[in-house]
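The structure appears right after this line, and notes come after that.
The values are calculated or read from the model by the stated rules, or taken from the named source; none is laboratory data. Predicted, not measured: the structure shown is a model, and the values here were computed from it. Every residue, glycine among them, receives a Cβ derived from its backbone with ideal geometry; neighbour counts consider all protein chains shown. Side chains included, ligands, DNA and RNA excluded: accessible areas come from the protein's heavy atoms. Shrake-Rupley method; radii C 1.70, N 1.55, O 1.52, S 1.80 Å.
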Amino acid sequence: MTFNTSSAIQTKRLGYLLGKNLFPAACLALSGELGSGKTCLVQGIVSGLGGDENNVTSPSYTLINQYKALQGIVYHADLYRLNSKDQIYELGLEENWGDGMVLIEWPELILHDLNRIGFMQIFLKALTECERRIELVPYGNAYQTVLNNLRREDISAFTFLCTL
Ligand SMILES: Nc1ncnc2c1ncn2[C@@H]1O[C@H](COP(=O)(O)OP(=O)(O)O)[C@@H](O)[C@H]1O
Ligand SMILES: [Mg+2]
């Protein structure tokens, strides 16, 4: 499922609608270059989960942030600075699988492991200064259901590129 957004506000709105439809303990992997909007999307997701988007900051230095949301704890990680799986698992990320929501920027090193638990991969790409292409790819039935429910939301505001 692919969307085009034309502002940070629109990306947050998409995140909000996605967050609203997530289930407790969902895992999202956010892939895209610096500035493509990963953290911006997470702000929307956290607000959709009933948390405060103003608490969401980039974890590029802290590596992992935690936010409280109505749906439970949200773990927000940024693995950009880590270059081995050992370093990543020292963060204790996998201990949170099944406990809270886990949102991971720069997840490439552990995609293989995420496959075992199911996850949704989100590809973000800057098309112009203000336009982003955001593609949601579900791995697992639970995530396919999330997309089916998202489709029922009012997504008419987005340029809707295609749906699979
Ligand atoms: N359509 C858009 N969606 C998301 N961010 C956008 C958009 N247009 C402009 N921006 C800007 O791009 C930047 C995205 O930054 P950020 O979310 O931190 O990216 P990342 O986490 O991928 O490095 C922000 O400054 C935001 O205001
Ligand atoms: Mg970021």
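Of all positions in region 94-101, none carries a residue that is within 13 Å of S60 (Cα to Cα) and over 16 Å from the mean Cα position of the chain (by Cα). Of the residues making up region 38-72, those that are within 12 Å of ligand 1 (Cβ to nearest atom) and either under 20 Å from E90 (Cα atoms) or touching a residue at least 60 places away in the same chain (Cβ under 8 Å) (or both) are K38, T39, L41, V42, S58, P59, S60.
Yes/no per residue for (1) in contact with a Pro (Cβ under 9 Å, 6 or more places away or on another chain); (2) closer than 22 Å to G32 by Cα; (3) not acidic (D, E):
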site	(1), (2), (3)
D78	yes, yes, no
R81	no, yes, yes
I104	no, yes, yes
L114	yes, yes, yes
F123	no, yes, yes
T128	no, yes, yes
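Taking region 54-64, which residues are surrounded by 16 or more Cβ atoms within 10 Å (Cβ to Cβ) and over 28 Å from E153 (Cα atoms)? If the condition is that a residue be surrounded by 16 or more Cβ atoms within 10 Å (Cβ to Cβ) and over 28 Å from E153 (Cα atoms), then P59, L63, I64 are the ones that fit. Mind checking which residues of region 7-53 are open to solvent by 10 Å² or more (accessible area, probe 1.4 Å), touching a helix residue (DSSP H, G or I) at 6+ places or on another chain (Cβ under 8 Å) and in a helix (DSSP H, G or I)? Passing the criteria: A8, K12, R13, Y16, K20, C40, Q43, S47, G48, E53.
Assess whether S7 counts as being free of Cβ contacts under 8 Å to residues at least 60 places away in the same chain and of a type outside the set (D, E, K, R). Spelling it out, it is not the case that S7 is free of Cβ contacts under 8 Å to residues at least 60 places away in the same chain and of a type outside the set (D, E, K, R).
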